[in-house]
């Protein structure tokens, strides 16, 4: 099998093993946040930060959920990193946003954070901050042993089918799960542009 064929087959295998219950629970929590007039703060580092920005756009435009990503404001984020440190940058941003019990944080990550290994400590501190105020914690990650998977109210763990491809598959499925969520009938509030255009033609 070629590398391309192998990579595609791995993606198919992941799709076949994705668990539906945590996705459904994520939908329920997001719907509850919207009904309560809460906000969703989407957190990610590296490639996951790009997924966070994309998901914020879709939440706001397609589901009518107020959403923000701290990585979209590079000035504030880098000021907090410079003045207060990397580990607390998301926590400080959430506190400045007055995170409260009717809100949720949503984490896109490969590992989900690990304080002992000093990997994504800012995600761990953000989760701890959310727990302190009673905000919901959601996530899509590629490791079931990370802090997000262990502590979230609902977390989709992308199955590992090839240990050498955990990162690319996880980050690819960030986008797929995000699009599934904003298209779900319980969350969808507006059609995407092309779908709306085609319906208008009919």
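The values are calculated or read from the model by the stated rules, or taken from the named source; none is laboratory data. These numbers were taken from a predicted model, which means no experiment stands behind them. All Cβ positions, glycine included, derive from the backbone under ideal geometry; neighbour counts span all protein chains shown.
Of all the residues that make up segment 7-34, how many are in a helix (DSSP H, G or I), within 19 Å of residue 166 (Cβ to Cβ) and out of contact with any helix residue (DSSP H, G or I) (no Cβ under 9 Å at 6 or more places or on another chain)? It would help to see each step written out before you state the result.
Restricting attention to segment 7-34, the residues satisfying the condition of being in a helix (DSSP H, G or I) are 7-17, 20-34.
Subset that is within 19 Å of residue 166 (Cβ to Cβ): 7-17, 22.
Those left that are additionally out of contact with any helix residue (DSSP H, G or I) (no Cβ under 9 Å at 6 or more places or on another chain): 8-9, 12-13, 16-17, 22.
Total meeting the criteria: 7.
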For this session: Return yes when residue 114 is more than 24 Å from residue 20 (Cβ to Cβ) and either at pLDDT below 95 or surrounded by fewer than 19 Cβ atoms within 10 Å (Cβ to Cβ) (or both) and no when it is not.
Result: yes
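For segment 117-126, name all the residues that are more than 20 Å from residue 53 (Cβ to Cβ) and either buried (at least 17 other Cβ atoms within 10 Å of the Cβ) or within 13 Å of the chain's Cα centre (by Cα) (or both). Write out each step before concluding.
Step one: of segment 117-126, the residues more than 20 Å from residue 53 (Cβ to Cβ) are 117-119, 121, 124-125.
Answer for segment 117-126, where residues must be more than 20 Å from residue 53 (Cβ to Cβ) and either buried (at least 17 other Cβ atoms within 10 Å of the Cβ) or within 13 Å of the chain's Cα centre (by Cα) (or both): 119, 121, 124, 125.
Consider residue 157 carefully, then state whether it is more than 22 Å from residue 61 (Cα to Cα) and out of contact with any strand residue (DSSP E or B) (no Cβ under 9 Å at 6 or more places or on another chain). Show your work before the answer.
On the way: more than 22 Å from residue 61 (Cα to Cα): yes; out of contact with any strand residue (DSSP E or B) (no Cβ under 9 Å at 6 or more places or on another chain): no.
It is false that residue 157 is more than 22 Å from residue 61 (Cα to Cα) and out of contact with any strand residue (DSSP E or B) (no Cβ under 9 Å at 6 or more places or on another chain).
Among residues belonging to segment 141-156 that are farther than 19 Å from residue 115 by Cα and surrounded by fewer than 23 Cβ atoms within 10 Å (Cβ to Cβ), point out the one that is nearest to the chain's Cα centre (by Cα). Before the answer, list the steps.
Here is the first cut: in segment 141-156, the ones farther than 19 Å from residue 115 by Cα are 153-154, 156.
Imposing the further condition that a residue be surrounded by fewer than 23 Cβ atoms within 10 Å (Cβ to Cβ) reduces the set to 153-154.
On the way: 153: 13, 154: 11 Å.
Among them, the one singled out is 154.
So is residue 170 within 23 Å of residue 30 (Cβ to Cβ), surrounded by 14 or more Cβ atoms within 10 Å (Cβ to Cβ) and under 14 Å from the mean Cα position of the chain (by Cα) or not? First the steps, then the outcome.
On the way: within 23 Å of residue 30 (Cβ to Cβ): yes; surrounded by 14 or more Cβ atoms within 10 Å (Cβ to Cβ): yes; under 14 Å from the mean Cα position of the chain (by Cα): yes.
Here the answer is yes, as residue 170 does meet what is asked.
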Problem set entry | Only listed residue being at pLDDT below 95, in contact with a helix residue (DSSP H, G or I) (Cβ under 9 Å, 6 or more places away or on another chain) and on the phi < 0 side of the Ramachandran plot, chosen from 178, 146, 96 | 146
Exercise. Between residues in segment 1-19 that are in contact (Cβ under 8 Å) with a residue 60 or more places away in the chain and at negative phi and residues that are surrounded by 11 or more Cβ atoms within 10 Å (Cβ to Cβ) and assigned to a loop (DSSP other than H, G, I, E, B), which pairs lie under 7 Å by C-beta distance while being six or more apart or on different chains?
Worked result: 10/161; 10/162; 13/161; 14/158; 14/159; 14/161; 17/159; 18/159
For this session: Could you list, in sequence order, all residues of segment 46-67 that are surrounded by fewer than 21 Cβ atoms within 10 Å (Cβ to Cβ), outside any helix (DSSP H, G or I) and in contact (Cβ under 8 Å) with a residue 24 or more places away in the chain?
Result: 64, 66
